[in-house]
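Participant: To start, I am sharing the structure in question, which I have written as structure tokens.
What follows draws every value from the coordinates through simple rules; no lab data is involved. Bear in mind the structure is a predicted one, so any value in this text is a computation, not a measurement. Cβ coordinates were reconstructed from backbone atoms using ideal geometry, including for glycine residues, and neighbour counts include every protein chain displayed.
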């Protein structure tokens, strides 16, 4: 049981390049989330998927797109990377509504992205 | 706007001293409350969560938190700090009717010998 896995662990991009961050969970969770973490700002929600087949914008969606490929996988795409997207990206999953109000989110190890 | 406030971006304690990390939420209706810990270069791990069964919640590694509705607070404590407690701690809140978590800005705990 690996929990939430993310690839890659590290990535350096040049301004304007594109890339996709991959996330997978093996806990049969319904909901999945993408966050970015920046110093002094905590975690901010980029996009989330409440259930397979649905996605919604979070607090900071500009410059990103997501795909809920199936129940296990939720990818985050940067179409044209900018230096302001330099951050640590975390994927998380939870049971969602099925788990009730107290169900927690489980986090992956993160991807450190630098945009030059 | 719904928010959660963590007072103090850094807290320094000596090994063996009391740890107190503060968290306040902004709602007249008690939300669902969580504390997460992040060790260097790792993801977030759940420390404890408030489930309304008891106002004092015990978590892993000797941490506990007390829900105080009158103060809209959910402060995290540990009676005796250990060097291995050095990490960043995040308070998170889920407000009624929303599936999403709102995170505080985090408090970095520094433990000196």
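Participant: For a quick check: sort B:51, B:72 by the number of other beta carbons within 10 angstrom, fewest at the front.
Facilitator: Taking fewest neighbouring Cβ atoms as first place, the list is B:51, B:72.
Participant: If you take every DSSP beta bridge fully contained in chain A, what fraction is antiparallel? Give it as a percent rounded to 5.
Facilitator: 90
Participant: Now for a separate question. How big, on average over all directions, is the shadow cast by the Cα convex hull of region A:1-45, in nm²?
Facilitator: 4.5
Participant: Over the Cα atoms of region B:1-100, each weighted equally, I'd like the Debye log10 I(q)/I(0) at q = 0.11, 0.23, 0.25 Å⁻¹, rounded to two decimals.
Facilitator: Each listed q corresponds, in turn, to -0.31, -1.32, -1.50.
Participant: If you average the alpha carbon positions of region B:22-69 and of region A:1-64, how far apart do those two centres end up, in angstrom?
Facilitator: 23
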